[in-house]
Amino acid sequence: MSEKATLTIEGKNYDLEITIGSENEKCIDIQQLRDATGYITMDHGFGNTGSCYSAITYVDGDKGILRYRGYPIEEIAEKATFVETAYLVLYGELPKASQLKAFSARLKEHAPLHTNLEHHFSGFPTSAPPMAILSAMLNLVSCFHPEVLDVPTTGAEFDRTASLLLSKVRTIAAFAYRMAGGRPINHPNPNLTYCGNFLHMMFSDPYQEYEVSPVIDKALNLFLVLHADHEQNCSTSTVRVVGSSRANLFSSVAAGVCALWGPLHGGANAAVIEMLEDIKKSGRLPAYYIEKAKDKNDPFKLMGFGHRVYKNFDPRSLILKKQVHDVLEALHLDDDLLDIALQLEQATLQDDYFIKRNLYPNVDFYSGILLRAIGIPLNMYTVMFAIGRMPGWIANWKELHDHKLRISRPRQIYTGHTARSFIPMAQR
Ligand code: SDX
């Protein structure tokens, strides 16, 4: 017998079912609430509202736990490549050697873009934001592969479509970067790894093939692994909402790209670097910016701090902070923005405003410094987040279809004019 919650409205009791997840998360199922009581609930930003049952990623914000399909992020980050992680997020299990070989082969097969697609890049102004290009080109790819428009969510067809998307998102990103700078594009090289191929497409030149250093290849793998999925964040929820209308996978993830772009979400990784550079240029101490962030009359926020779910350290931020040190050391690089970031973090740990609100560094606080060390340009940072998040978006879109979920259609409470008659022009 499942537990019940009792709601009393206008003297009448209503029993609502309680459901409990595999990690003991509890929810009150209100799917019949409006029919039974005439009431809806209100929850701006959906901080208290579950949209789905999901078996992909588990986050415990109080304990700073993140697991992909049950595996702790710390272990995945240390032991898995991004391709292995993408397979795990998509299919639910770590791949056997034969499965990984077949998956990698599909990714290599689908890396090139249709020749006619390449011409579209030259249609963008060189100042076009790469996130706008990415979202547009993801939809455009489906025009050259009409078979993906009504993809089933199982079998060889799904395998092909998911691999095509995972592979081509990387090629589109690199081509967008090359074309923006007036550089010749580098076609994918099937002899390289997923990350190595991306770095080759980004940085090889006609007379100088990019040499993929193991340190950078490992750092990029780690960056993408840490971004692979994160339960029902803004962009993943967007993919689910769009997918719930039975829109195809490509248009659903193109919408996810647009949601990710915002500075409160994936756009924060670039905003952190801009903030650190402003602090460096200003010559002011970090304490000045801490006070600005606390000032309710000042719109300035400490970018890379705070999280809707993590009320403790974001485990990804801890891993990235260590990785940044290791990469800078291995590459004999120095980055004074890292020193400023460390000072900011230290200052917030002793500041009541941040402590009381559980504001800790999130995944975006150190990720930008890692991307700088790898040599990724600032305007590509959120694109890198999108490449990393692609497995999570695809897996959530698949799970939505597997569970045959209804179209997303929230309700509202109307606060406008009550009924009134039309006013002829002469009387307005
Ligand atoms: C990502 O959801 C996910 O899982 C996202 C993500 C993923 O993997 O998909 O983890 C990736 O998007 C990480 C977040 C990146 N964004 C930023 O770093 C932008 C800066 N952070 C804030 O904008 C904010 O913390 C959010 C958007 C991340 C969370 O917003 P919430 O949950 O709506 O929290 P809130 O704005 O209501 O803040 C609660 C309080 C407020 O103060 P009071 O009104 O209580 O006095 O904390 C304050 C806020 O003013 N606050 C901050 C702050 N973040 C929150 N004050 C200063 N600086 C900040 N960064």
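Tabulated results
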{"item": "Under the Karplus curve 6.51 cos²θ - 1.76 cosθ + 1.60, θ = phi - 60°, whole-Hz ³J(HN,Hα) for segment 31-43, x wherever Gly or Pro sits", "result": "5, 9, 4, 5, 5, 7, 10, x, 9, 10, 9, 10, 8"}
{"item": "DSSP-loop GluC sites (Glu not before Pro) across segment 1-42, with at most 14 other Cβ within 10 angstrom", "result": "Glu3, Glu10, Glu23, Glu25"}
{"item": "Whole-number accessible area per residue in Å² for the chain, which is evaluated in the context of all protein chains at 1.4 Å", "result": "51"}
{"item": "GNM top mover of Leu333, Leu164, Leu94 - the chain, alpha-carbon springs below 10 Å", "result": "Leu333"}
{"item": "Radius 12 Å from Cβ of Ile20, net charge of other residues (Lys, Arg +1; Asp, Glu -1)", "result": "-4"}
{"item": "Long-range HN-HN contacts of Asn362 with modeled amide H, under 5 Å", "result": "Phe305, Gly306"}
{"item": "Segment 1-75: relative contact order as a whole-number percent, Cα under 8 Å and 6+ apart", "result": "14"}
{"item": "Percentage of interatomic Cα-Cα distances in the chain larger than 32 Å", "result": "42"}
{"item": "Amide hydrogen neighbours beyond the local backbone of Ala5, cut-off 5 Å, H modeled", "result": "Leu16, Glu17, Ile18"}
{"item": "From phi via Karplus (6.51, -1.76, 1.60), per-residue ³J(HN,Hα) for segment 380-396 in Hz, x at Gly/Pro", "result": "9, 4, 6, 5, 4, 4, 5, 4, x, 7, 3, x, x, 5, 5, 5, 5"}
{"item": "Cys234 accessible area, 1.4 Å probe, all protein chains in place, Å² to nearest 10", "result": "80"}
{"item": "Three-way shape label, segment 1-66, alpha-carbon gyration tensor, a/c 1.5", "result": "prolate"}
{"item": "For segment 335-342, Karplus couplings with θ = phi - 60° (6.51, -1.76, 1.60), whole Hz, Gly/Pro x", "result": "9, 5, 5, 5, 4, 5, 4, 5"}
{"item": "14 Å beta-carbon shell around Thr154, net charge (K/R +1, D/E -1)", "result": "-2"}
{"item": "Sites matching trypsin sites (Lys or Arg not before Pro) across segment 84-181 that sit in DSSP coil, with at most 11 neighbouring C-beta atoms within 10 Å", "result": "Lys96"}
{"item": "Sites Glu25 and Lys79, calculated FRET efficiency, Cβ-Cβ separation with R0 25 Å, nearest 0.05", "result": "0.40"}
{"item": "Rounded if a/c under 1.5, otherwise prolate or oblate - segment 268-374, Cα gyration tensor axes", "result": "oblate"}
{"item": "Amide hydrogen neighbours beyond the local backbone of Ser244, cut-off 5 Å, H modeled", "result": "Ser408"}
{"item": "Carbon plus sulfur fraction of accessible area for the chain, probe 1.4 Å, in percent", "result": "54"}
{"item": "Whole-Å distance, taken between Cα centres, linking segment 61-120 and segment 316-384", "result": "24"}
{"item": "Cβ-based net charge around Met390, under 12 Å, with every Lys or Arg adding one and every Asp or Glu removing one", "result": "+2"}
{"item": "Loop trypsin sites (Lys or Arg not before Pro), segment 301-405, which have at most 10 other Cβ atoms in a 10 Å radius of their Cβ (DSSP)", "result": "Lys404"}
{"item": "Estimated [θ] at 222 nm from DSSP helical runs (n ≥ 4, -39500 (n - 2.57)) normalised by residues in the chain, nearest 500", "result": "-16000 deg cm²/dmol"}
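The values are calculated or read from the model by the stated rules, or taken from the named source; none is laboratory data. Computed from a prediction, not measured in an experiment: that's the story for all the values here. Every residue, glycine as well, gets a Cβ built from its backbone with ideal geometry; the counts of neighbours run over all protein chains shown. With ligands, DNA and RNA removed, areas are computed over all heavy atoms of the protein, side chains included. Shrake-Rupley method; radii C 1.70, N 1.55, O 1.52, S 1.80 Å.
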